[in-house]
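The values are calculated or read from the model by the stated rules, or taken from the named source; none is laboratory data. Because the structure is predicted, anything quoted here is derived from the model rather than measured. Quick reminder, even Gly has a Cβ in these numbers, built from the backbone with ideal geometry, and neighbours come from all protein chains shown.
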Amino acid sequence: MELFIIKRDGKKESFSVGKIKNAIAKAFLSVGSFATQEVITNILSRVSITNETTVEDIQNQVEIALMAERYYAVAKSYMLYRQKHAEDREVTEKLKFLIDYCDAQNAATGSKFDANANVENKNMATLIGELPKSNFIRLNRRMLTDKLKDMYGKEVSDRYINLLNEHFIYKNDETSLANYCASITMYPWLIGGTTSIGGNSKAPTNLKSFCGGFINMVFMVSSMLSGACATPEFLMYMNYFIGLEFGEDYYLHADKIVDSSKKQRALDKVITDYFEQIVYSINQPTGARNFQAVFWNISYYDKYYFESLFENFVFPNESKPDWNSLNWLQKRFMKWFNMERTRSVLTFPVETMALLTENGEPKDKEYGDFTAEMYAEGHSFFTYMSDNADSLSSCCRLRNEIQDNGFSYTLGAGGVSTGSKSVLTINLNRCIQHAARNSMPYQFYLDEIVDLVHKVQLAYNENLKNMKAKGMLPLFDAGYINMGRQYLTIGVNGLVEAAEFLGIEISDNPRYENFVQQILGIVEDYNKRYRTKDVMFNCEMIPAENVGVKHAKWDREAGYMVKRDCYNSYFYIVEDESLNIIDKFRLHGHKYIEHLTGGSALHLNLEEHLSKEQYKQLLRVATQEGCNYFTFNIPNTVCNDCGHINKRKLNECPSCKSKNLDYLTRIIGYMKRVSNFSQPRQKEAAQRHYAPVCQL
Ligand SMILES: [Zn+2]
């Protein structure tokens, strides 16, 4: 029988003993020695080759054989030769990647690993960010497996790598060393400036130093996170500094001229100029983040949320946050931002409106109305609704304790001083189909997987604590975030696809409801089991911008049933035209999201904007269905020729009549030009169903 060996690129080649002999002879020559036929035969007698042995394995055996035959100098030379070739191969690979990246259609498509979320351009800076990604992945895996071996033994560590390689699980943000995302309290900065996190700016003392310092602080904090940075206190602090300068009742005379320069600006203009400075600065590509903009989130609160979160808060001058002025400032910012977005493509901040509900309605009528008004004016933002204001976790200085139903957004803003240290995602579709293939009850199989991902997350946590002990994590030390209040997040992907495989209809029906409750219930059960006073877990249906596409591709290649090119990030099928608007709220309502402690946002895609009354009606629907986190997406039009931006989806530029148009919509969490989506995501975006308004 002819023997085949497996080359490094995975290809088969018929085995030739001559090649090994040649390599051994060369190794002897390289140290000024000569290998006789007999010597070579002795060495070869120690090498065993079976069909499909890898080149790597043969070389390992030759190395050991040289040592066993006591040709130490030759063995050393042989190892060095291998090492050099390994390095050459790595450089060749990187070079090939570099060329492919330069030729790719856009930055998201060119990225091989974990395309950076909010990179708009493809250039030298983004390329520099891409190149070390594979090394980071290897390093992160090594650090995790070393710790897993320490804590749980080699079997668990091997199982983890095996599940990763077989795509049963996916480690998010493996290309970065930093912990994932955080909602920070800015209090340490307010008191002491940036020195405690390694900066040199003093505490802000006036409106100008607040606004300038805020931008720098957000850049610094973001450079130490791999994901989003939420500043839920942003407007509250800004309000304080405006009050210090212009009086707490400044909003009552916003049209007053307060600028002594030639410009003679009114107070309102002074304030919106600061908005402009902050928002445009933070939307800039950032050097320290390989040309990614900072992923910045903010929150708005109704009166009840505000009181619940900040009633015990005290500013450095002993004053308390003032609701009346903050109320004005929040609305002013939202209106300004909505208007500004017709001038320029502004992705950040991602905004969340927090509303308390009572008896099926927003309790703060004024804010319920205002929220509907902003949606009707075409603004795009998230709304978080809860019947308990404590379900937004808050800053460590405040009284609010994170409840069992503690909420941490990895997508949008919310909560003070919380977030997610690390996300590890389970590919439910593959797990459930694999169990079925092997005639296992999928519950048992999932039990094992869910248990393992908790162990991996605990190992991650130990590594993070070590980093902190070495002084590498000043955000924690300085109190911007808190180790115990950050979650370890178990992500899920492919839930809808797994249900489809089991023959369950994806609609609000008892079978689907039971399935969702059961699957997410298993995760929730382990989240509670592994919870200690220092460690908390939550479960999130991850946005899966990139991995939704990857899972579908990998699973299809492995012969599993895969119905679409990108796994859903919702409880319904995004291209399903049979579901109406109410159905979608129900499918993201309390029955389905009960165990999703880390949040899931409903993205309701609409063909066109609704009226204020219609949005008010939908807020009521959301409350009644228990859908606590949602947004509406209506694609905006951008003219590629004249730059005109329109809040509606149009086929022709209303300004210059051009048909060369691009559209803005949420890829998942944030708005982006569709042309900057990765190619597979562009395909998915084209299939999204936008509900016609006649459904209401
Ligand atoms: Zn135009």
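Among the residues making up the stretch 219-252, those that are in a helix (DSSP H, G or I), under 20 Å from residue 308 (Cβ atoms) and out of contact with any strand residue (DSSP E or B) (no Cβ under 8 Å at 6 or more places or on another chain) are 236, 237, 239, 240.
Of the helices (runs of 4 or more DSSP H) contained entirely in the stretch 265-371, those carrying at least 2 residues that are at pLDDT 95 or above and in the same structural domain as residue 235 (by TED's automatic domain parsing) fall at 267-282, 323-340. The listed residues are 542, 582, and the only one of them that is surrounded by fewer than 22 Cβ atoms within 10 Å (Cβ to Cβ) and hydrophobic (A, V, I, L, M, F, W, C) turns out to be 582. Tallying residues that are among the polar types (S, T, N, Q) and within 16 Å of the ligand (Cβ to nearest atom) within the stretch 610-638 yields 2. Checking 31, 55, 17, 47 one by one, the residue that is surrounded by fewer than 16 Cβ atoms within 10 Å (Cβ to Cβ), closer than 21 Å to residue 86 by Cβ and more than 44 Å from the chain's Cα centre (by Cα) is 31 and no other.
If I filter the stretch 637-648 for residues that are within 24 Å of residue 360 (Cα to Cα) and more than 21 Å from the chain's Cα centre (by Cα), do I get at least one hit? Looking through the stretch 637-648, none of the residues is within 24 Å of residue 360 (Cα to Cα) and more than 21 Å from the chain's Cα centre (by Cα). Residues of the stretch 155-172 that are touching a strand residue (DSSP E or B) at 6+ places or on another chain (Cβ under 7 Å) and either of a type in the set (Asp, Glu) or without any contact (Cβ under 8 Å) to a residue 40 or more places away in the chain (or both): 164 alone.
Would you call residue 499 more than 22 Å from residue 522 (Cβ to Cβ) and either buried (at least 21 other Cβ atoms within 10 Å of the Cβ) or small (Gly, Ala, Ser) (or both)?
no
Only a single item in (1) away from the ligand (no atom under 16 Å from the Cβ); (2) modelled with pLDDT under 90; (3) closer than 19 Å to residue 683 by Cα; (4) surrounded by 16 or more Cβ atoms within 10 Å (Cβ to Cβ) is not met by residue 575, and it is number (4). Reported count of residues in the stretch 585-608, each being surrounded by fewer than 18 Cβ atoms within 10 Å (Cβ to Cβ) and assigned to a loop (DSSP other than H, G, I, E, B), is 3. The set of residues in the stretch 644-685 that are away from the ligand (no atom under 16 Å from the Cβ) and free of Cβ contacts under 8 Å to residues at least 12 places away in the same chain contains only 682. Checked against the criterion of being without any contact (Cβ under 8 Å) to a residue 60 or more places away in the chain and surrounded by fewer than 22 Cβ atoms within 10 Å (Cβ to Cβ), the candidates 303, 365 yield just one match: 365. Taking the stretch 191-218 as the range and being buried (at least 19 other Cβ atoms within 10 Å of the Cβ), out of contact with any Lys or Arg (no Cβ under 7 Å at 6 or more places or on another chain) and assigned to a loop (DSSP other than H, G, I, E, B) as the test, the residues that pass are 194, 204.
If the condition is being modelled with pLDDT of 90 or more and of a type in the set (A, V, I, L, M, F, W, C), then the stretch 654-671 contributes 656, 661.
Taking the numbered list (1) over 24 Å from residue 339 (Cβ atoms); (2) near the ligand (Cβ under 9 Å from one of its atoms); (3) among the charged types (D, E, K, R) in turn, residue 641 passes all entries but (1). Answer yes if at least one residue in the stretch 541-548 is at negative phi, out of contact with any strand residue (DSSP E or B) (no Cβ under 8 Å at 6 or more places or on another chain) and of a type in the set (A, V, I, L, M, F, W, C), and no otherwise. For the stretch 541-548, residues at negative phi, out of contact with any strand residue (DSSP E or B) (no Cβ under 8 Å at 6 or more places or on another chain) and of a type in the set (A, V, I, L, M, F, W, C): absent. Reported count of residues in the stretch 432-450, each being in a loop (DSSP other than H, G, I, E, B) and surrounded by 18 or more Cβ atoms within 10 Å (Cβ to Cβ), is 0.
Kindly check whether there is at least one residue in the stretch 84-106 that is touching a residue at least 60 places away in the same chain (Cβ under 8 Å) and not charged (D, E, K, R).
Yes; the residues of the stretch 84-106 include at least one that is touching a residue at least 60 places away in the same chain (Cβ under 8 Å) and not charged (D, E, K, R).
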